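Presented below is the structure to which this report refers.
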Amino acid sequence: MPLAPVPKSELLARLAEGHAARVTVVTPNVRLSRELSREFDQGRIDKGLPVWETADVLVLDKFVERLYEDALVSGIAVQLPLLLTGAREQELWEAAILESRWGEVLLAVPQAAGECRKAWAMAHEWRIAGALGSFPGNDDAKAYAEWSRDYARRCEREGDTDAARLADVVAPLLKEAALRKPRLLVAYGYDVVAPQTQEFLDACANVGIEVRSCAPNRTVGHGRTVGHGRTVGQRPTLRVFPSAREELDAAAQWARAKLEAGAKRIGIVVPELGQRRREVVRVFSRTLQPAHNLPGNERNALAFNVSLGAPLADYPLVRAALSLLDLAAGEIPFEQASRLIRSPFVGGAGEEMGKRALLDAALRKSAPARVTLGKLVGLVDRCPVLRKKFESVFAVPRTEGGSPHDWGRHFTALLDAAGFPGERGLDSDEYQARAKFNETLAEFAKLERVAPKMSFGSALARLRRLCADTLFQPETPEAPIQVLGVLESAGLEFDALWVSGLTDDAWPLHAKPNPFIPPALQKKAGIPEASAEATLERGKRITEGWLGSAAEVVVSYPVREKDRELIGSPLISGVPVFSGTPETRTYARYRDVIFSARRQEAVEDGQAPALATKIPKGGTRILSDQAACPFRAFARHRLGAEALEEPVEGLDARARGLLLHTLMKELWTDLKDSTGLQGNVEPAIERAAKAAVAEAKLEEPFAALEEKRLAKLAREWLEVERQREPFEVVAMEEKRKLTVSSLELNGRIDRMDKLEAGGHALIDYKTGKPSPNEWLGERPDDPQLPLYALNAKEDISAVAFAKLRTGEMRYMGFSDREELIPSVKPAKDWKALFAGWKKELETLGSGFASGDARVDPKQLLHTCRYCDLQPLCRVYERVNALDDAGEDADG
């Protein structure tokens, strides 16, 4: 039956009478209950009251659960089924699926079980559970019908119920005196009342509880008044922006302007908030509190609150705990181990933080891509406290198989052994995250009643999934700016509201019927998500609510998403486009404020002191770096600046290069010259491949695979060598002293051939995509071979890359005459080529020696894109595209 409405002002007055009035308010979601409680408390504050009784406002599910708990502690407890936690429900659904005929073919059983839980709740909420068998459905619906019957049997056998059926369990108990029932029960902010909810409210009314409804205050036809006597200053307006990013920036600036103008409650609605949460936090932090991320400020409360929480597993403290358990379970990626080494949540971090950072940098050069706990214990000897903590974790007795309760105790013992969560005091967010993790760990331990014994890996996977599925948001002080999702904003009231992203494909929301329930049944029941018609009607109601929920309302949308043009939602077509001048202003970023307050001092920062030695470290790479960017050469070879390395699976590029050079050296040590190609080369190939693998100290089975790869590569390359005129290999991996300008550099010639036709050929092995054009022009990209040629005692007739790339093997370079080496082009003027090389290399060498350290990338972004010195040279301050790319990548 329809509920008699009660004005909001009267509801607040009744709540003010205190608990003696026995008034309870139930809402469809947590945010509405918090908002009504906040509004009630603010009213008490405005009246100057020092203390008052807390209003009894809560979500309907929590009210039902409270009644259930009252029944548990009363004499009727023996009649009640046990309420399953969410984790136990999930476990029972997974068991029902795995033991069915679909269990072996489904690849994502946990995800299917999660969808089944949603379907089960929907079926009971809308009273269609009994009709599932009478409506035709697809294979998904048939599978769900079977799984749901099995799930129901399991619950009945164990005497369990779940949150979806709890209202039906409690309704018959309302007549019991042991249950604390209100005198007045108010359903607040309900857009649609589902049948199960209506039946429960009717059951409350049948036992003498006065049941009423109440709705948030709204403007009248976008008229002139809002609740609490607020006056509407203007009609809602529509604003259009070139992109979603500019739209979000404008919304943040508008919110700050409204806050500074005295608004107390400001709402920003962002569709797809879950996907854009990081971007939203970054943009609003930068606009509202630019110094938030500076040391010492990170624990201060923000002026805004994002309604949607993040997965518990994403919080640093929880991520560290799960990583410690991963390490105890087996092998983990080095990057994960690296975060543990540097984590403040591992015991002793405070006293060893500096040592651990240096240890991490050192391990990146020698550690394997994946490490075990035993391996890590041996690697962290530089940090005795850390090693002791890891040894303590290693010493915790292992359990081969146990119940969830046993594994819960074991996980706790492992974390305690590691000194988790460290000695330093936790801030508010960390403290709450730890409490939530402990609560989740306890919920996992309670799975013992429904889950069988399991292995370490299975237990840890279940705990990790629980943390990933648990959305968590630390409680913070009340913030004046609320950033909300579309559905979360329904029913709320504000002083000012901005609703963004209202394109035609985003609003109204698309119909999303549950895949496990026949769509026809969902439509017949009137489920809002089941049909386009129902979602449209709901969208109209929510839109009307937005337009009347604040004294000032702005709706907006972007007109472009990358290459796609967008149009506005038809639901806001009647809102007039804003034609005035925006009252907001652009708020400077913190770095801009610092820069504008600078005291200028002119310093020639492109000139370093001249080099004090003629023999610098770095070899021929000095010239390559000097050609790419003088600052790169200065930073790498004089300052010793280098990025942290990152261990990789298998061989990195440098290791593969060394393998290749060893293979070629060993091969030509056997073959010696072109006549060696005329006989059986297989023995030489096999010996060379074995020698290369042995020198690299590769382990089986990878060594055998690499040996085969190298042998295959050698066979293919020798086919190229057979096409050449007679030659003799006279130098392999030969070290030479090289001079350029005033510098003396150490170099190593890959190979030099003496040619029967006269002269010598310098050869450099390459596995990538080399080009002889890299030797030409100003600031040549790869000056190594030209430098060898200029310093050679021998008569050089050809310089060439040997491209050792499967399917593309060939020589490429320049020679002093035609057809000296296949694919090597004759230079137009051999002497002029050498003269040009000498000029450019002398310029590079003298520039480095004189201290040229200009930030001058040869090809701008192309040169800088893969350089690891950007934070040091700050080239991004000169090239805006780098900065823009970083902004777009975040969020």
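The values are calculated or read from the model by the stated rules, or taken from the named source; none is laboratory data. Values in this document were obtained by computation on a predicted structure and should not be read as measured data. Every residue, glycine as well, gets a Cβ built from its backbone with ideal geometry; the counts of neighbours run over all protein chains shown. Ligands, DNA and RNA are stripped out before the accessible areas are found, and what is left, the full protein with its side chains, is counted by its heavy atoms. Shrake-Rupley method; radii C 1.70, N 1.55, O 1.52, S 1.80 Å.
Put simply, when 848-857, 865-874 are sorted by average Cβ atoms within 10 angstrom per residue, most first, you get 848-857, 865-874.
Once the Cα-Cα distance is subtracted from the 0.36 nm per residue extended length, the residue 817 to residue 699 segment shows a gain of 37.8 nm. Fully extending the segment from residue 769 to residue 275 would add 174.0 nm, taking 0.36 nm per residue of separation and subtracting the current Cα-Cα distance. Given a Förster radius of 22 Å and the C-beta distance between residue 369 and residue 658 as r, what FRET efficiency does 1/(1 + (r/R0)^6) yield to the nearest 0.05? Once the sixth-power term is evaluated, E becomes 0.80.
Applying a threshold of 27 Å to the alpha-carbon distances of 181/264; 47/264; 665/712; 375/735 flags 181/264; 375/735 as lying beyond it. Across every pair of non-identical alpha carbons in the range 704-790, the mean reciprocal distance, once inverted, gives a Kirkwood radius of 15.3 Å. Scaling against 2.2 N^0.38 Å puts the C-alpha radius of gyration of the range 318-421 at 1.02. For the range 384-459, a Kirkwood hydrodynamic radius built from all Cα pairs, placed in the Stokes-Einstein relation at 37 °C and 0.692 mPa s, yields a translational diffusion coefficient of 240 µm²/s. For the range 14-78 versus the range 125-156, the spacing of their alpha-carbon centroids is 36 Å.
Expressed as a fraction of 2.2 N^0.38 Å, the value expected for a compact globular protein of N residues, the C-alpha radius of gyration of the range 42-135 is 1.67. Of all aspartates and glutamates in the structure, the ones whose alpha carbon falls short of 12 Å from that of residue 453, not counting any fewer than 8 places away in one chain, are 400, 406.
Dividing the C-alpha radius of gyration of the range 1-92 by 2.2 N^0.38 Å, with N its residue count, gives 1.38. Rounded if a/c is under 1.5, else prolate if a/b beats b/c, else oblate: with a ≥ b ≥ c from the C-alpha gyration tensor eigenvalues square-rooted, which is the range 88-188? Here the range 88-188 falls in the prolate category.
Magnitude of the charge dipole for the chain, about its Cα centre and with charges confined to Cβ atoms of Lys, Arg (+1) and Asp, Glu (-1), is about 1080 debye.
In this simple spin-label model, placing a label point 7 Å from the Cα along the Cα-to-Cβ direction at both residue 537 and residue 595 gives a separation of 5.5 nm. Need one word for the range 659-751: rounded, prolate or oblate. Basis is the Cα gyration tensor (sqrt eigenvalues a ≥ b ≥ c); a/c below 1.5 gives rounded, then a/b vs b/c decides. It comes out oblate by the Cα gyration axes. Each of residue 264 and residue 453 was given a label point 7 Å from its Cα along the Cα-to-Cβ line. The distance between the two points is 6.2 nm. The length gained on full extension between residue 99 and residue 362, counted as 0.36 nm times the residue separation minus their Cα-Cα distance, comes to 89.7 nm. For residue 825, which aspartates and glutamates qualify as cross-link partners when the Cα separation must be under 14 Å and same-chain residues fewer than eight apart are set aside? Correct list for residue 825: 816. Over the range 423-580, the Kirkwood radius and the radius of gyration, each from Cα atoms, give a ratio Rg/Rh of 1.10.
Cross-link pairs exceeding 28 Å between alpha carbons, from the set 614/793; 365/672; 8/524: 365/672; 8/524.
Excluding same-chain neighbours fewer than eight residues apart, the lysines reachable from residue 446 by a Cα-Cα span under 25 Å are 62, 118, 436.
Using the Cβ-Cβ distance between residue 742 and residue 828 with R0 set to 41 Å, the FRET efficiency from 1/(1 + (r/R0)^6) comes to roughly 0.85. I'd like to know which of 688, 134, 542 lies farthest towards the positive end of the charge dipole of the chain, counting +1 on Cβ of Lys and Arg and -1 on Cβ of Asp and Glu. Ranked along the dipole, the leading option is 542.
Counting other Cβ atoms within 10 Å of each Cβ, which GluC sites (Glu not before Pro) in the range 1-104 have at most 14 and sit in a DSSP loop? Listed in order of number, the matching sites are 17, 53, 99, 104. Site pair residue 872 and residue 468 shows an inter-label distance of 3.9 nm when each label is modelled 7 Å from Cα along Cα→Cβ. Between the range 408-479 and the range 237-269, the C-alpha centres lie 37 angstrom from each other. For the pair residue 388 and residue 54, a Förster radius of 45 Å applied to the C-beta separation gives a FRET efficiency near 0.40, rounded to the nearest 0.05. Across the alpha-carbon atoms of the range 557-715, the computed radius of gyration and Dmax are 30.4, 88 angstrom. For the chain, the Kirkwood hydrodynamic radius from C-alpha pairs, put into Stokes-Einstein at 25 °C and a viscosity of 0.890 mPa s, yields a diffusion coefficient of 72 µm² per second. Here the accessible area of the range 142-189 is 51 percent carbon and sulfur, with a 1.4 angstrom probe and all protein chains present. The value obtained for the range 788-855, namely the Cα convex hull volume divided by the number of residues, is 137 Å³ per residue. According to the calculation over all Cα-Cα pairs in the range 499-599, the P(r) per 10 Å bin from zero is 12, 29, 26, 18, 9, 4, 1, 0 %. Put simply, when 141-153, 778-790, 711-723, 822-834 are sorted by average Cβ atoms within 10 angstrom per residue, most first, you get 778-790, 141-153, 711-723, 822-834.
For the peptides 418-429, 555-566, residues were scored by their other Cβ atoms within 10 Å and the scores averaged per peptide; the highest-first order is 418-429, 555-566.
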